[in-house]
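Visitor: Right, I'll just put the structure down here and ask away after.
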Amino acid sequence: MAANATIYKASLNIADMDRHYYAEHELTLAKHPSENDLRLMVRLAAFVLNADEGLTFCKGIAQEDEPDLWLKALDGAIDLWIDLGQPDEKRIRKACGRSEKVVIYTYQEGSALAWWKQAEKALRRFKNLSVIHLAIEGDIEALSQRTMRLQCNISDGELTLMDDENCVTVREEVWKEA
């Protein structure tokens, strides 16, 4: 955890009809000083979309050798490596070599599309890589509170995040599938 990180607590009630996964998760997230509320909430959305008892948040921004989230097997092998944003090809190559499956979630439409157009040809060769753009409808940053209680529903590739006052929809647009 980075010095001066802000701690957030999230209580998630997840109903994923696509994967038939229904669970509650109590999470603690460290918000890096350079991280904004949008990125924090996208990390949380990535957790929900891949929810598993073994999925954990990593040091992410603070550590080059770790993703934002990962799922490790009992023997320490990395089953799932999740990065956010627009990582460079060297980082992606390293992730694909170390992990069974790699997922990159992009979320800022203009810069993400420009990054994808530039990187697409080089990234097509990685058979265990998925690139998914998260199209966010609503003010996801309004959900960001130091203590959050969220209802998370997933159906037909669409995530709905709700608290007592706000409702946000996140659609997955698959740009490359592993």
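Visitor: Can you tell me the length gained on complete extension of the stretch Arg171 to Leu113, counting 0.36 nm per residue apart and subtracting the Cα distance?
Guide: Values: separation 58, 0.36 × 58 = 20.88 nm, distance 1.55 nm.
Value of the extension gain: 19.3 nm.
Visitor: Got a sec? Charge dipole of the chain, +1 on Cβ for Lys and Arg, -1 for Asp and Glu; which of Met17, Leu38, Ile104 is way out at the positive end?
Guide: Sorting the options by dipole projection puts first Ile104.
Visitor: Here is a follow-up. Hey, can you rank 117-128, 91-102 by average C-beta count inside 10 Å, highest first? It would help to have the intermediate numbers written out before the result.
Guide: Working: 117-128: 12.4, 91-102: 18.1.
Result, highest mean Cβ count within 10 Å first: 91-102, 117-128.
Visitor: With everything on Cα atoms, drop me the angle between helix 37-49 and the longest principal axis of the chain, reported from 0 to 90° to the nearest 10.
Guide: On a 0 to 90 degree scale, this one is about 80.
Visitor: Any idea what the dipole of the stretch 7-104 comes to, in debye rounded to 20, about its Cα centre with Lys/Arg Cβ at +1 and Asp/Glu Cβ at -1?
Guide: In debye, rounded to 20, the stretch 7-104 gives about 280.
Visitor: Once phi is turned into ³J(HN,Hα) by the Karplus curve 6.51 cos²θ - 1.76 cosθ + 1.60 with θ = phi - 60°, what whole-Hz value does each residue of the stretch 167-172 show in order, with x for glycine and proline?
Guide: These are the phi-based 3J(HN,Hα) values: 9, 10, 10, 10, 9, 8 Hz.
Visitor: Step by step: find N for the chain, compute 2.2 N^0.38 Å, then divide the Cα radius of gyration by it. What's the final number?
Guide: Details: Rg = 15.5 Å, N = 178, 2.2 N^0.38 = 15.8 Å.
The value comes to 0.98.
Visitor: Compute the relative contact order of the stretch 1-143 as a whole-number percentage, counting only Cα pairs closer than 8 Å that sit 6 or more residues apart in sequence. Write out the running numbers ahead of the final one.
Guide: Values: 205 pairs, mean separation 22.9, N = 143.
About 16 percent, as a whole number.
Visitor: Got a sec? Charge dipole of the chain, +1 on Cβ for Lys and Arg, -1 for Asp and Glu; which of Leu27, Ile78, Thr147 is way out at the positive end?
Guide: Selected residue: Ile78.
Visitor: Where Lys and Arg each count +1 and Asp and Glu each count -1, what net charge lies around Asp88 among other residues with Cβ under 13 Å from its Cβ? Before the final figure, lay out each step's value.
Guide: On the way: positive: Lys90, Arg91, Arg93, Lys94; negative: Glu64, Asp83, Glu89.
So the environment of Asp88 carries a net charge of +1.
Visitor: Oh, and also: Near Leu38, within a Cβ-to-Cβ distance under 15 Å, what is the net charge of the other residues, with Lys and Arg +1 and Asp and Glu -1? If you can, show how the numbers build up before the last one.
Guide: Numbers: positive: Lys31, Arg39, Arg43; negative: Glu35, Asp37, Asp68, Glu109, Glu137, Asp139, Glu141.
Taking every other residue near Leu38 into account, the sum is -4.
Visitor: Using the structure shown, select from Lys90/Lys121; Lys72/Lys176; Lys101/Lys121; Lys72/Lys117 the pairs with a Cα to Cα distance greater than 26 angstrom. Mind showing how you got there, number by number?
Guide: On the way: Lys90/Lys121 14 Å; Lys72/Lys176 23 Å; Lys101/Lys121 19 Å; Lys72/Lys117 31 Å.
Lys72/Lys117, as the Cα separations exceed 26 Å there.
Visitor: Could you size up the charge dipole of the stretch 117-178 around its Cα centre, putting +1 on the beta carbon of Lys and Arg and -1 on that of Asp and Glu, and report it in debye to the nearest 20?
Guide: Values: 9 positive and 12 negative charges, 145 e Å.
That gives a dipole near 700 debye.
Visitor: Restricting to the chain, what percent of DSSP beta bridges are antiparallel, rounded to 5? Write down the numbers at each step before the final one.
Guide: Working: 35 of 54 bridges.
Here the share of antiparallel DSSP bridges comes out near 65 percent.
Visitor: Please compute the contact order of the stretch 1-55 in relative form: average sequence separation of alpha-carbon pairs under 8 Å and at least six residues apart, divided by the residue count, as a percent. Don't skip to the answer; put the middle values down first.
Guide: Values: 56 pairs, mean separation 18.4, N = 55.
The value is 33 percent.
Visitor: Placing unit charges on C-beta atoms (Lys and Arg positive, Asp and Glu negative, everything else neutral), compute the dipole magnitude of the chain about its Cα centre in debye, rounded to 20.
Guide: Values: 22 positive and 31 negative charges, 183 e Å.
Charge dipole of the chain: 880 debye, to the nearest 20.
Visitor: Another question, then. What full-extension length gain, to one decimal in nm, is calculated for Glu24 and Ser11 as 0.36 nm per residue of separation minus the Cα-Cα distance?
Guide: 4.0 nm
Visitor: Within the set of other residues whose C-beta is less than 11 Å from the C-beta of Val102, count the net charge using Lys and Arg as +1 and Asp and Glu as -1. Walk me through the numbers before you get to the answer.
Guide: Working: positive: Arg91, Arg93, Lys94, Arg98, Lys101, Lys127, Lys176; negative: Asp79, Asp83, Glu100.
Within the 11 Å Cβ shell, the charges total +4.
Visitor: Using Cβ contacts closer than 10 Å as the measure, can you line up Glu173, Glu26 from fewest to most? Spell out each step's value before the answer.
Guide: On the way: Glu173 13, Glu26 8.
Lowest to highest Cβ neighbour count: Glu26, Glu173.
FYI, it's all coordinate maths here, none of it is from the lab. A quick note: this is a predicted structure, and the numbers were derived from the prediction, not measured. Please note: Cβ atoms are built from the backbone with ideal geometry, for glycine as well, and neighbour counts cover all protein chains shown.
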